[in-house]
1. May I ask you to verify whether S229 is among the polar types (S, T, N, Q), in contact (Cβ under 8 Å) with a residue 12 or more places away in the chain, touching an Asp or Glu at 6+ places or on another chain (Cβ under 9 Å) and surrounded by fewer than 19 Cβ atoms within 10 Å (Cβ to Cβ)?
2. Could you list, in sequence order, all residues of region 189-219 that are in contact with a Lys or Arg (Cβ under 8 Å, 6 or more places away or on another chain), buried (at least 19 other Cβ atoms within 10 Å of the Cβ) and either of a type in the set (S, T, N, Q) or more than 14 Å from L153 (Cα to Cα) (or both)?
3. When region 110-139 is examined, which residues are found to be out of contact with any strand residue (DSSP E or B) (no Cβ under 8 Å at 6 or more places or on another chain) and surrounded by fewer than 17 Cβ atoms within 10 Å (Cβ to Cβ)?
4. Out of everything in region 129-150 that is in a strand (DSSP E or B) and among the charged types (D, E, K, R), what residue ends up being farthest from A189 (Cα to Cα)?
5. Within region 62-91, restricting attention to residues that are outside any loop (DSSP other than H, G, I, E, B) and among the aromatic types (F, W, Y), which residue is farthest from the chain's Cα centre (by Cα)?
6. Look through D133, D141 and report the one residue that is of a type in the set (D, E), modelled with pLDDT under 95 and either within 21 Å of S244 (Cα to Cα) or in contact with an Asp or Glu (Cβ under 6 Å, 6 or more places away or on another chain) (or both).
7. Which residues, counting only those in region 144-176, are of a type in the set (S, T, N, Q) and buried (at least 17 other Cβ atoms within 10 Å of the Cβ)?
8. Do you know which residues across region 199-226 are among the aromatic types (F, W, Y) and free of Cβ contacts under 8 Å to residues at least 60 places away in the same chain?
Amino acid sequence: MAKIYLKGGTEKTLILAVREAYYQPFSATNWTDLRIGFFLSIVDSADPAGDDDPTGLAEEIGVPPLPFLPWTDRFSLGLVDSHTGRVFLGYTNNIGSRPLTNGTSQLISSDNGIGTTNAFYWRVKNEVGGNRDNLKIMDNDMIRARDVAGSNLHLPQVPASAGGYCTLVALRFQRDDARGRARVIKMSAKIGTNNGDILYTDTPTDTLLETHLQAFPSTVQTLGPVDLSQTPDTLWAYWPFHGSRLRLHCYGILRAA
């Protein structure tokens, strides 16, 4: 089960158990601009020996080539709906529409792009993603909008060289009508040179999170707008790998409008 790890003796960090999901319903009435952010890292699956160890975590789920895997073998981070759980907006390496989708789930060593100029980070990908295995809007097992390359998410492998032990990622959700067409939503995320991370840090705080959510990146890719079957109302995080666990250092929601 999940645990609270006291990192550095002061920081209460939530570590999810292996292949455990975390969800948190929220209420943000009549929003038209909603932003969410997470400070994230991953550590070894050994408890408690691996609670602060981000090394040696490479893994592949499924036997190549092109196995068909369920959603429980895919990474997902973002928003879902609490009514059906079938609407998802956020980061995922699920690249297809239907309950079983093809390609192995990989956790690979990476630089802060999609290369190997260094091995300071971890990156989740799909065997057949073509580096477009990051952002999706999904509804009832169908991909309604998909990303272009450029918003890859990275997690520190060597904190001293990566710039910190955790990564800040954020998503922005917008809609023109909070009432009559409240389910027509678009999603934006930072886009860079194969990097969607906002920053790496050793000091994840709610103040730092709020600052960056207020000043959301101006260079983004936007998915949608999509007319969804349900309105998302729950924060969601799921890490599918067996040899590592997801740490949530800080997360939050900003209702900008």
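1. On the way: among the polar types (S, T, N, Q): yes; in contact (Cβ under 8 Å) with a residue 12 or more places away in the chain: yes; touching an Asp or Glu at 6+ places or on another chain (Cβ under 9 Å): yes; surrounded by fewer than 19 Cβ atoms within 10 Å (Cβ to Cβ): yes.
It is true that S229 is among the polar types (S, T, N, Q), in contact (Cβ under 8 Å) with a residue 12 or more places away in the chain, touching an Asp or Glu at 6+ places or on another chain (Cβ under 9 Å) and surrounded by fewer than 19 Cβ atoms within 10 Å (Cβ to Cβ).
2. L213, F216
3. Residues of region 110-139 out of contact with any strand residue (DSSP E or B) (no Cβ under 8 Å at 6 or more places or on another chain): 113, 115, 117-118, 129-130.
Of everything in region 110-139, those that are out of contact with any strand residue (DSSP E or B) (no Cβ under 8 Å at 6 or more places or on another chain) and surrounded by fewer than 17 Cβ atoms within 10 Å (Cβ to Cβ) turn out to be G115, T117, N118, G130.
4. Selected residue: D139.
5. Going through region 62-91, the residues outside any loop (DSSP other than H, G, I, E, B) turn out to be 68-69, 71-73, 76-80, 87-91.
Filter once more, keeping what is among the aromatic types (F, W, Y): 68, 71, 88, 91.
Values: F68: 22, W71: 14, F88: 11, Y91: 4 Å.
Among those residues, the one meeting the criterion is F68.
6. Values: D141 fails: either within 21 Å of S244 (Cα to Cα) or in contact with an Asp or Glu (Cβ under 6 Å, 6 or more places away or on another chain) (or both).
After applying the criteria, what remains is D133.
7. Applying the first criterion (of a type in the set (S, T, N, Q)) to region 144-176 yields 151-152, 157, 161, 167, 174.
Residues satisfying the conditions are S151, N152, Q157, T167, Q174.
8. From region 199-226, those among the aromatic types (F, W, Y) are 200, 216; that's our starting set.
Residue satisfying the conditions is Y200 alone.
The values are calculated or read from the model by the stated rules, or taken from the named source; none is laboratory data. Nothing here was measured: the structure is a model prediction, and the numbers come from that model. With ideal geometry, Cβ positions are generated from the backbone for all residues, glycine too; neighbour counts draw on all protein chains shown.
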